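*Asks:* Got a structure for you, questions after.
The values are calculated or read from the model by the stated rules, or taken from the named source; none is laboratory data. Values in this document were obtained by computation on a predicted structure and should not be read as measured data. Note that we place each Cβ from the backbone using ideal geometry, even for glycine, and neighbour counts take in every protein chain shown.
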Amino acid sequence: MGKINIKSLAICQDWNKYLEYIDSDLKALGFRKQKDIVDKNDVYYKSYGEKYVIGVHIFDFRPHISNKDDSDYKIRLMFECRLDFDDNIIKLEVSHRVNLEIFEDMSEEFYKTMIKYE
């Protein structure tokens with residue numbers, strides 16, 4: 001199980017530093033960084049054996065926020081679990097406030113449920 005030891009979004013004052021924490025922690029957990037080809041945001045992927053892949057998408061909304069002093073979340077995470085069954089791809093995507101540890105558990109349960117329909 002992976003644990004990202006980064007500062008809480010709610011108390012983060014330096015968003016660039018927050019991105020550095022995410023990058024460092026995810027890489028230490030074995031995730032590899034890529035650019036999403038569609039939305040150009042950073043995404044980190046890790047394979048969990050031959051069962052599934054977990055992705056952590058980083059959405060940086062700072063360039064699109066008019067009030068630069070607004071303390072709302074300027075960077076958001078979305079977790080993705082992707083199952084590849086032959087020619088079929090099945091995804092679970094969660095952008096609710098869960099952490100990586102919880103999402104890993106969710107992904108394992110998702111896999112166990114969906115493998116029945118392969």
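*Asks:* Condition (residue is hydrophobic (A, V, I, L, M, F, W, C), part of a strand (DSSP E or B), at pLDDT below 85 and crowded, with 16+ Cβ neighbours inside 10 Å) applied to the range 63-84: is it met by at least one residue?
*Replies:* Yes, the conditions are met somewhere in the range 63-84.
*Asks:* Take Ile102 and decide whether it is part of a strand (DSSP E or B), over 11 Å from the mean Cα position of the chain (by Cα) and not basic (Lys, Arg).
*Replies:* The answer is no for Ile102.
Results for (1) basic (Lys, Arg); (2) surrounded by 15 or more Cβ atoms within 10 Å (Cβ to Cβ); (3) in contact with a helix residue (DSSP H, G or I) (Cβ under 8 Å, 6 or more places away or on another chain); (4) at pLDDT 85 or above, shown as yes or no for each residue.
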{"residue": "Ile22", "(1), (2), (3), (4)": "no, yes, no, yes"}
{"residue": "Gly30", "(1), (2), (3), (4)": "no, no, no, yes"}
{"residue": "Asp39", "(1), (2), (3), (4)": "no, no, no, no"}
{"residue": "Thr113", "(1), (2), (3), (4)": "no, no, no, yes"}
